[in-house]
Amino acid sequence: MEEEKKELQEQPEQPEKPEDRKKEADSGMILGMCLGMAIGAGIGAATKNLGLWMPIGMCLGMCVGMAFDSSKKNGKKDDGDADPQA
């Protein structure tokens, strides 16, 4: 019983895989959200209505980022089936 406890204590925790962190960093939703907020802030400053345009810009940026992520994922799956009629 004591030997099992020692074995469990000796095993170090596994660090996060670099691939997992890269997936988060390459997320189009994050980039879209940041760009959308910046554009929304610009429009809000021009119209003197920041409270309205910053969230609108952020939401639109998230939608564009998610669409970009979706198109990247679908593009990777369809590499071999570019022209099914040929």
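The values are calculated or read from the model by the stated rules, or taken from the named source; none is laboratory data. All of these numbers come straight from a predicted model, not from anything done at the bench. Neighbour counts run over all protein chains shown; Cβ positions are idealised from the backbone, glycine included.
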Please work out which residue is modelled with the highest pLDDT, limiting yourself to region 73-86 and to residues that are in a loop (DSSP other than H, G, I, E, B) and of a type in the set (Gly, Ala, Ser). ALA82
Within region 23-72, considering residues that are part of a helix (DSSP H, G or I) and among the charged types (D, E, K, R), the one surrounded by the most Cβ atoms within 10 Å (Cβ to Cβ): ASP69
